[in-house]
Amino acid sequence: MGEKQQTVESKPLVIPRAIVGLGNPGAKYDQTRHNIGFAAIDALAKSWQIPLSENRKFQALFGEGRGPQADKIYLLKPLTFMNLSGQAIRAMTDWFKLAPESVLVIYDDMDLPMGKIRLRLSGSDGGHNGMKSTIAHLGTQNFPRLRIGINSPKDFPGSDKDTISHVLGRFSASENQIIVSVLPLLRDAVELSCRQGVEKAMSLYNGRSVLDTKLDTDQTK
């Protein structure tokens, strides 16, 4: 008898074809913690030289171009306000016939410290209204997401801010310095996701913090 051939089933790579940043439109919300998803898309658009313009069909700022693998990539910033983000995302996925698994959603997370990002392949909305709308309109929780830490009000001793005031507030000067360092880290994680899959990026970037990197740099001076 011949030896049995054992086949190992490998999971298909999750490669983003569209990247969405969540936020609220208008100058009132510009550069607030809740709009860090918009800032992420702006950073990717600049790095990849993809112009964004209003797309009424999607109710969003939208751009398409070549990503890090020279494959076509779509960038989206919904203009529906946070609570209705899923409408714009669904309009785009229907138009381009994209599977939810190919849509990477970037948004703020109060439960994650500033300086950190966290990738996941699926999950609940975690109390985030933009994600709640996205899950409802896509009809599934099975799509990748990248969360950016913004701290929570309880991380600021003596602060009387509630959750809404916190997320709709702007970053302080010191926090802005952290965000300036986080965005390149995020870009690298997204580019690796596009080249080698989200799981690979998870393994390399989920444990990192730009604050740790800065501390290491300071100690070597």
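The values are calculated or read from the model by the stated rules, or taken from the named source; none is laboratory data. These figures come from a predicted structure and were not determined experimentally. Cβ sites come from the backbone with ideal geometry, for glycine too, and all protein chains shown count toward neighbours.
Observations
- Summed over region 34-53, residues that are touching a strand residue (DSSP E or B) at 6+ places or on another chain (Cβ under 6 Å), farther than 18 Å from P16 by Cβ and surrounded by fewer than 20 Cβ atoms within 10 Å (Cβ to Cβ) total 1.
- Condition check for K28: of a type in the set (D, E, K, R), closer than 22 Å to A173 by Cβ and either at pLDDT below 95 or part of a helix (DSSP H, G or I) (or both): yes
- Selection count where residues are buried (at least 22 other Cβ atoms within 10 Å of the Cβ) and either in contact with a Ser or Thr (Cβ under 6 Å, 6 or more places away or on another chain) or part of a strand (DSSP E or B) (or both), scope region 62-71: 1
Residue by residue, here is whether (1) surrounded by 14 or more Cβ atoms within 10 Å (Cβ to Cβ); (2) in contact with a Pro (Cβ under 8 Å, 6 or more places away or on another chain); (3) over 30 Å from A70 (Cα atoms) holds:
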| site | (1), (2), (3) |
| --- | --- |
| G127 | no, no, yes |
| P153 | yes, no, yes |
| N176 | no, no, yes |
| S181 | yes, no, no |
| V190 | yes, yes, no |
| K200 | yes, no, no |
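- Residue in region 132-139 that is touching a residue at least 60 places away in the same chain (Cβ under 8 Å) and farther than 21 Å from R56 by Cα present: no
- Within region 160-188, residues that are within 11 Å of T32 (Cα to Cα) reach partners that are basic (K, R) and assigned to a helix (DSSP H, G or I) with beta carbons closer than 8 Å, at six or more positions or on different chains, in the pairs H166/R33; V167/R33; L168/R33; G169/R33; R170/R33; F171/R33.
- Long-range neighbours under 6 Å by Cβ, at least six apart or interchain, first residue at pLDDT 95 or above and of a type outside the set (G, A, S) within region 48-68, second buried (at least 16 other Cβ atoms within 10 Å of the Cβ) and not in a strand (DSSP E or B): L52/A45; F58/A88; F58/A91; F58/M92; Q59/L79; Q59/T80; Q59/A88; L61/L52
- Any hit, region 84-97, residues being over 22 Å from V14 (Cβ atoms), modelled with pLDDT of 95 or more, in a loop (DSSP other than H, G, I, E, B) and polar (S, T, N, Q): no
- Residues that are under 17 Å from the mean Cα position of the chain (by Cα) and either more than 24 Å from E191 (Cα to Cα) or surrounded by fewer than 18 Cβ atoms within 10 Å (Cβ to Cβ) (or both), drawn from region 72-83: L79, F81, M82, N83
- Within region 16-38, the only residue that satisfies the criterion of being under 15 Å from G63 (Cβ atoms) and free of Cβ contacts under 8 Å to residues at least 60 places away in the same chain is F38.
- Taking each residue of region 107-124 that is in contact (Cβ under 8 Å) with a residue 40 or more places away in the chain and on the phi > 0 side of the Ramachandran plot and looking for partners that are surrounded by 15 or more Cβ atoms within 10 Å (Cβ to Cβ) and hydrophobic (A, V, I, L, M, F, W, C) with beta-carbon atoms closer than 8 Å, six or more apart or interchain, yields G115/I178; G115/V182; G115/V210; G115/L211.
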